[in-house]
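Colleague: My structure is below; once you've seen it, I'll send some questions.
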There are 2 protein chains.
Amino acid sequence: MYTGGYHKKLEELFKRSNVKLGDSVIIQTSNETHTGILLPRYEYADDNHLVLKLKNGYNIGINLRKIKSIKKIVEKAGTSDKHSIDYNYVDNFSFESTDQNFSKGDLPNLSLLSTGGTISSKIDYRTGGVMAALTAKELNDSIPELVKIANIDPEVVLTEYSENIKPEHWSLIAKKVANNILSSKYEGIIVSHGTDTMHYTSAALSFALQNPPIPVVLVGAQRSSDRPSSDASLNLIGACTFATKSKVSGVFVAMHYSISDDVIACHIGTRVRKNHTSRRDAFHSIDVSPFSLVKKDQIEISNQYTDLIFQQRSKSFERMIVRPNFENKVSLLKFYPGFDCRMIDYCVKSGQKAIIFEGTGLGHINKGCFSHIKSAIDNGILIFMTSQCIWGRTALTVYDTGRDLLNLGVIPLSNMTSETALVKAMWCLGNLKEVKDVVKMMTTNIANEFTKRITVD
Amino acid sequence: MYTGGYHKKLEELFKRSNVKLGDSVIIQTSNETHTGILLPRYEYADDNHLVLKLKNGYNIGINLRKIKSIKKIVEKAGTSDKHSIDYNYVDNFSFESTDQNFSKGDLPNLSLLSTGGTISSKIDYRTGGVMAALTAKELNDSIPELVKIANIDPEVVLTEYSENIKPEHWSLIAKKVANNILSSKYEGIIVSHGTDTMHYTSAALSFALQNPPIPVVLVGAQRSSDRPSSDASLNLIGACTFATKSKVSGVFVAMHYSISDDVIACHIGTRVRKNHTSRRDAFHSIDVSPFSLVKKDQIEISNQYTDLIFQQRSKSFERMIVRPNFENKVSLLKFYPGFDCRMIDYCVKSGQKAIIFEGTGLGHINKGCFSHIKSAIDNGILIFMTSQCIWGRTALTVYDTGRDLLNLGVIPLSNMTSETALVKAMWCLGNLKEVKDVVKMMTTNIANEFTKRITVD
């Protein structure tokens, strides 16, 4: 029997219990019961753990020593590793939290929601080693400074690399964050996240949770927590410092400001982008300075931000808006020389409701595409224009290409980043029925996705 | 009769000559004969010129005073504004060059090839006003400093906004540049170009013209030449200074280094990107410093570049390789949360030969796409991976998502920018028959599209 690379003792346990990889099983440990699908051991995995994929889509590692019994519920099925997300899980799920460090003394309370990514990986993902890094004990062991900042209450929402995060996960995270805000137990919510798409998720939370009364801070790491060069520790400390001390609420991303380990930048959730594959200071605010810099326990707020939309931290939920739905059928197309205009026709045929173009320069596209764009718009698809330049804003009135696009009905999005534009279109279409309302919402500043001209031009 | 906004004298001339907008006509002026299609006057146009679209795809303005006769050849057809490019034109075309300033005294000779774009627009494009800015007289009138640097020999190759530049235009420009190099008349070639896709064209020329014996410098402007804030003048001066004084050859892009009007950066053609929609310093070298800074008549070469591929300026063509073909059937797809994986199937169906992915982070894509990627690769499509981060390099061995992609046959492209990767794939497929040769060429450093780790990490 193939045991997926597990070591002899586990092999024997599997044989004795008449279970195999892919089976749904119930595992009884000394103090808990787990139900899930038995997964193969993956490279780098710890020898003494088996890996169970829970109904909620995340994997846990269970120590062999603790296992009392394994019982098969369902034989392996062909589709065993396809799991849909259970939206009700937030309410029903009991997470593994070693509660002993939570809510002691006079420190503020913070909720730490883990969604996966490098920050929570000690060993390879599919082994389930992820959870270990997120128990309060583990956190306090590895980042002792946190104990001095806040009482951290950790929960696992997902364990996904962020390239696997989808719009339905944004809904899930938004609901969980909203629930924890509504519990009134916390001074702030920290969401640990893989860095690859953290800026998409921060934009999603910015629209799905407007005017939260407390700060919601996403945080990630470019190097995993068990590496000596890891940025996880400082990023988490910075995120927690900001979440407890900031006087304003909103959705932010906290990451290294430079490659030296001393300053953390807190970026506005809709204005941030991962601009480097590996550097610790990979995240940049686009067209503005970071909202805040955290230097040890001091928070410096940028003085650029007098005009932006923020509310003060508060105890009331009165102004909070929770609209967690996202419509998947939006495409982001980057234009380039030789672009196949029939891609636009494909979007029509495949039922897309909107296209976000990353045009060149001020928001331009080859004139050969005009007839395809016209046809898509005639078919009811909304077409929005952003720029692949990343910095700066679209301006479709300067050149005749732009004016032609405006005449066709293309809607320019000024200095909204293309990533934020994609997320916002998915959110608008997920929450509004009328096209005119979607267009109005897309071009209205909700969460600082548009900024006034601040940078020197 | 609708005369497209032309003024009374021209209206009368049209009427008298029995021609109307859209007709193919022959126009006899005092010293020349022009054949083309009569275009409408566009906003901002000069009152005393009519606009003719030539067979070669570009528009000229002809002064009413000079016109002796207009004769209709072909009545307006429904498809009158669709023109294919005539590849033979380079050899047959006689451009409008007022030669009086060329090759005087001891100054070096430079060829200035205009392809269009803001740098050569004085007034709106479709009026043909473009050419006027490019006669030697006009150049010398508007940028008197140029007379002291070189004898400039201007030619019009195209008049296109750069969003309309296609791979076939790259071939055309490459051939024209090669011809002018082979004429041995010049110390350098300047290519003026719209900024929107100038970095795509500079990459294209870097592959199509390897080891040119003299510098080939692309130059553009973010503000048109007739605006007081125009950067055209300083950019051209910087480009010409570099082209005459640089000891190395190669393909470069010369643009403002900062927003102040004193330093021009010369970027390596494969390592540059337009990163801002409107700023004068919109172009940045990616992962490296600019190759050179031009400060007045001084050239500073970056000391980062000891390892890069360059050859010294020479009088011999021995090492020059001219391979000007490009294959259009390459798609650039940016991955994002909610990405429709069937887009990959569409690329297979539409006959694409390669896909360049802009993955997240180190080069990742949602696991839901794996089966589509496998199917595309099974169908013979080459799939290459770059990063949407822009800075940094792909690394597919770090996480299991990357390892899975490698196992599927995805080929990572390290720190080649996605734009350069697109151009290089088009070029490889345009010039090589065997797939294995394409893969080998794609992963071999030809024109500094890969760099060693130079920046601090």
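The values are calculated or read from the model by the stated rules, or taken from the named source; none is laboratory data. Please read all numbers here as calculations on a predicted model, not as lab measurements. Don't worry about glycine lacking a Cβ; one is built from the backbone with ideal geometry, like all the others, and counts go over all protein chains shown.
Colleague: Could you list, in sequence order, all residues of the stretch A:266-279 that are closer than 28 Å to A:S314 by Cβ and out of contact with any Gly (no Cβ under 8 Å at 6 or more places or on another chain)?
Modeller: A:H267, A:T270, A:R271, A:V272
Colleague: Right, here's the next one. Against the definition (closer than 20 Å to B:G338 by Cβ and either touching a Phe, Trp or Tyr at 6+ places or on another chain (Cβ under 9 Å) or assigned by TED's automatic domain parsing to the domain that holds B:I268 (or both)), how does B:L429 come out, yes or no?
Modeller: no
Colleague: Report every pair of residues separated by at least 6 positions or lying on different chains whose Cβ atoms are under 8 Å apart, first residue within the stretch B:443-454 and under 18 Å from B:G250 (Cα atoms) and assigned to a loop (DSSP other than H, G, I, E, B), second at pLDDT below 95 and aliphatic (A, V, I, L, M).
Modeller: Close Cβ pairs satisfying both conditions: B:N445/B:I309; B:I446/B:I309; B:A447/B:I309; B:N448/B:L308; B:N448/B:I309; B:T451/B:V288; B:T451/B:L308.
Colleague: Tell me, which residue of the stretch A:407-440 that is more than 14 Å from every other protein chain (Cβ to nearest Cβ) and part of a loop (DSSP other than H, G, I, E, B) is nearest to A:F326 (Cα to Cα)?
Modeller: This residue is A:L432.
Colleague: Still on this structure: Would you check if A:E168 is assigned to a helix (DSSP H, G or I) and modelled with pLDDT under 90?
Modeller: Working: assigned to a helix (DSSP H, G or I): yes; modelled with pLDDT under 90: no.
So A:E168 does not fit the description; no.
Residue-wise test of (1) within 14 Å of chain A (Cβ to nearest Cβ); (2) crowded, with 18+ Cβ neighbours inside 10 Å; (3) closer than 30 Å to A:H284 by Cα; (4) in contact with a helix residue (DSSP H, G or I) (Cβ under 8 Å, 6 or more places away or on another chain).
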position	(1), (2), (3), (4)
B:S314	no, no, no, no
B:V322	no, no, no, yes
B:F335	yes, yes, yes, yes
B:K353	yes, yes, no, yes
B:I356	yes, yes, yes, yes
B:G361	yes, yes, yes, yes
B:L382	no, yes, no, yes
B:S387	yes, yes, yes, yes
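Colleague: Which residue is surrounded by the fewest Cβ atoms within 10 Å (Cβ to Cβ), if the candidates are limited to the stretch B:159-170 and must be within 12 Å of chain A (Cβ to nearest Cβ), farther than 13 Å from B:K424 by Cα and not charged (D, E, K, R)? Working first, answer last.
Modeller: Initially, the stretch B:159-170 is screened for residues within 12 Å of chain A (Cβ to nearest Cβ), giving B:160-170.
The next check asks that each one be farther than 13 Å from B:K424 by Cα; those that pass are B:160-166, B:168-169.
Next cut, not charged (D, E, K, R) only: B:161-162, B:164-165, B:169.
On the way: B:Y161: 25, B:S162: 28, B:N164: 21, B:I165: 28, B:H169: 23.
Applying the filter and picking the extreme gives B:N164.
Colleague: Could you check, for the stretch B:389-396, whether at least one of its residues is free of Cβ contacts under 8 Å to residues at least 40 places away in the same chain, closer than 20 Å to B:V288 by Cα, within 11 Å of chain A (Cβ to nearest Cβ) and among the small types (G, A, S)?
Modeller: Yes: the stretch B:389-396 contains one or more residues that are free of Cβ contacts under 8 Å to residues at least 40 places away in the same chain, closer than 20 Å to B:V288 by Cα, within 11 Å of chain A (Cβ to nearest Cβ) and among the small types (G, A, S).
Colleague: A further question on this structure: Among the basic types (K, R), crowded, with 20+ Cβ neighbours inside 10 Å and either without any contact (Cβ under 8 Å) to a residue 24 or more places away in the chain or more than 14 Å from chain B (Cβ to nearest Cβ) (or both), is that true of A:R280?
Modeller: So A:R280 does not fit the description; no.
Colleague: Residue by residue through the stretch A:12-31, note down the ones that are closer than 17 Å to A:G61 by Cβ and part of a helix (DSSP H, G or I).
Modeller: A:L13, A:F14
Conditions (1) touching a Ser or Thr at 6+ places or on another chain (Cβ under 8 Å); (2) closer than 18 Å to A:H193 by Cα; (3) within 14 Å of chain B (Cβ to nearest Cβ), marked per residue:
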| site | (1), (2), (3) |
| --- | --- |
| A:L236 | yes, yes, no |
| A:A239 | no, yes, no |
| A:T244 | no, no, no |
| A:V251 | yes, yes, no |
| A:H256 | no, yes, yes |
| A:I259 | no, no, yes |
| A:K274 | yes, yes, yes |
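Colleague: What are the residues in the stretch B:404-442 that are of a type in the set (S, T, Y) and at positive phi, if any?
Modeller: Listed by number, the list holds a single entry, B:S414.
Colleague: Moving to a separate point now. Looking only at the stretch B:244-269, how many residues end up being among the aromatic types (F, W, Y) and part of a strand (DSSP E or B)?
Modeller: Selection size over the stretch B:244-269: 1.
Colleague: Within the stretch B:337-351, which residues are part of a loop (DSSP other than H, G, I, E, B), crowded, with 21+ Cβ neighbours inside 10 Å and more than 7 Å from every other protein chain (Cβ to nearest Cβ)?
Modeller: Correct list: B:F339 only.
Colleague: Considering only the stretch A:176-231, how many residues are more than 12 Å from chain B (Cβ to nearest Cβ) and aromatic (F, W, Y)?
Modeller: Number of matching residues: 2.
Colleague: Could you please give the count of residues in the stretch B:363-380 that are within 10 Å of chain A (Cβ to nearest Cβ) and not in a strand (DSSP E or B)?
Modeller: Total satisfying the criteria: 6.
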